[in-house]
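A.B. asks: My structure is below; once you've seen it, I'll send some questions.
Please treat every number below as a calculation from the coordinates, not as lab data. Keep in mind the model is a prediction, meaning the values are calculated, not measured. Quick reminder, even Gly has a Cβ in these numbers, built from the backbone with ideal geometry, and neighbours come from all protein chains shown.
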Amino acid sequence: MKKMNILQNVSLAGYSTMGLGGTAAYLVDVTTRGEVVESLAWAKEHQLPTVMIGEGSNIIWSDAGYPGLVMIDKIRGYEVYQEDETNVYLTLGSGEPWDSVVERSVAAGLTGIEALSLIPGTAGATPVQNVGAYGQEISQTLTTLEVFDSQDGTFKTLAGSDCGFGYRTSRFKAADHGRFYISSLVLHLTKGNPLPPFYGSVQAYFNQVASVNAIRNNADVSIDFALAKNNQGILFDLPLLTLQSKGLEVKINEPIMIPVEMTMGADRNFNHTVLMEFFDYLPTVAMP
Ligand SMILES: Cc1cc2nc3c(=O)[nH]c(=O)nc-3n(C[C@H](O)[C@H](O)[C@H](O)COP(=O)(O)OP(=O)(O)OC[C@H]3O[C@@H](n4cnc5c(N)ncnc54)[C@H](O)[C@@H]3O)c2cc1C
């Protein structure tokens, strides 16, 4: 096993699309399931808390930083492990970049996750909030996932039905927050094109071009992605006070429409609105 390179006092701004936050006491890239175990053992020995993250597209770190070991998920992998005339089962390393998984599966003529195109982050983070868009959710295609269970120190296989999935939530985000370290997942996709009904804007595009590229070219999605690329990521966990001070009427846990102009610098001029989810808390990792 190669020696792990544990870094000390690392700025967390580079580990969040928001580009904010203090420093991590320790930080390490994790590239294999063996390194998950090794990192956790090291942290335990030094009596430090741990958190595993992907690309930081749903994290806002606090200015106080993180007092323990931040594990960056770099466990790659994209493999067809089983297939027949209609079905394909894909095994993914948890650190595989999600949009490239979608891109490869669409290019291979598979359907099941195409509506989740252009969502930033890693494959392993998708079950955490049951990532979804345009009527598709990862819970619909996730059959199993492999996790390291910190409660008993073993790897386990969980069925999708064991994940406590709900609208943008799961047991990983709720009752079992911080317990599991996701290392791989298996998706069940099918061969062929997606079947209707689709979201209105996507259907209108399909009517014209009849292509799975409808999702990738859809205006709403593209603007989300442009924001992410420009490092001005849309806040999925929005502090109540900020929104109210901007004159918006907000209700706890209800979706809210926010004019894009409000989320972007004054020099940008998108005449568009984005439907955002609103939560009444910041991500737990931001507040160790
Ligand atoms: C512009 C923009 C558009 C977005 N659009 C959508 C959308 O349409 N739909 C949607 O559902 N979300 C959307 N999101 C939210 C975000 O893309 C997803 O939540 C994504 O899954 C986060 O992936 P990540 O790798 O960046 O996770 P991170 O932000 O790094 O981590 C998120 C959480 O998951 C945990 N986690 C990550 N990896 C692991 C692991 N291997 N094991 C255990 N826990 C882990 C972390 O500890 C943290 O609590 C969007 C975000 C942005 C910035």
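A.B. asks: Checking the a/c ratio against 1.5 first, then a/b against b/c, what shape does the Cα gyration tensor give for the stretch 56-126?
C.D. replies: prolate
A.B. asks: Another question about this same structure. Which ³J(HN,Hα) values, rounded to whole Hz and listed in residue order, are derived for the stretch 89-95 from phi using the Karplus coefficients 6.51, -1.76 and 1.60 in 6.51 cos²θ - 1.76 cosθ + 1.60 with θ = phi - 60°, glycine and proline given as x?
C.D. replies: 10, 9, 9, 10, x, 4, x
A.B. asks: Using a Förster distance of 41 angstrom, determine the FRET efficiency expected from the C-beta separation of GLU83 and ALA175, and round it to 0.05.
C.D. replies: For R0 = 41 Å, the calculated efficiency reads 0.75.
A.B. asks: 7 Å from Cα along Cα→Cβ at both LYS3 and LEU48: what's the point-to-point distance in nm?
C.D. replies: Taking the two extended label points, one gets 1.6 nm.
A.B. asks: Let me ask you something else. Just to check I understand the Karplus step: with θ = phi - 60° and J = 6.51 cos²θ - 1.76 cosθ + 1.60, what whole-Hz values come out for the stretch 38-43, glycine and proline as x?
C.D. replies: Computed from phi, the couplings for the stretch 38-43 are 5, 5, 5, 5, 4, 5 Hz.
A.B. asks: Continuing with the same structure: Give me, ordered by chain and number, the residues 5 or more places off MET52 or on other chains with an amide H under 5 Å from its own placed amide H.
C.D. replies: HN-HN under 5 Å from MET52: MET71.
A.B. asks: To continue, here is another question. Rounded to whole Hz and in sequence order, give me ³J(HN,Hα) for the stretch 148-163 from the Karplus expression 6.51 cos²θ - 1.76 cosθ + 1.60, θ = phi - 60°, writing x for Gly and Pro.
C.D. replies: Those phi angles translate into 9, 9, 5, 5, 10, x, 10, 7, 9, 9, 9, 7, x, 5, 8, 8 Hz.
A.B. asks: When a/c reaches 1.5 or more, the comparison of a/b and b/c decides; with that in mind, is the stretch 89-187 rounded, prolate or oblate per its Cα gyration tensor?
C.D. replies: Taking the square roots of the gyration eigenvalues as a ≥ b ≥ c, the stretch 89-187 is prolate.
A.B. asks: If you take the charge dipole of the stretch 70-154 about its Cα centre, with +1 on Lys and Arg Cβ and -1 on Asp and Glu Cβ, which of GLY112, GLN129, GLN140 is farthest toward its positive end?
C.D. replies: The residue sitting most towards the positive pole is GLN129.
A.B. asks: Let me ask another. Before anything else, pin down the relative contact order of the stretch 7-73: Cα pairs under 8 Å, at least 6 apart, normalised by residue count, whole percent.
C.D. replies: Relative contact order comes out at 44 percent.
A.B. asks: Does the stretch 7-73 come out rounded, prolate or oblate by the C-alpha gyration tensor, with a ≥ b ≥ c the root eigenvalues, rounded set by a/c under 1.5 and, if not, prolate when a/b is larger than b/c and oblate if not?
C.D. replies: Oblate, because a/c is 1.5 or more while a/b does not exceed b/c.
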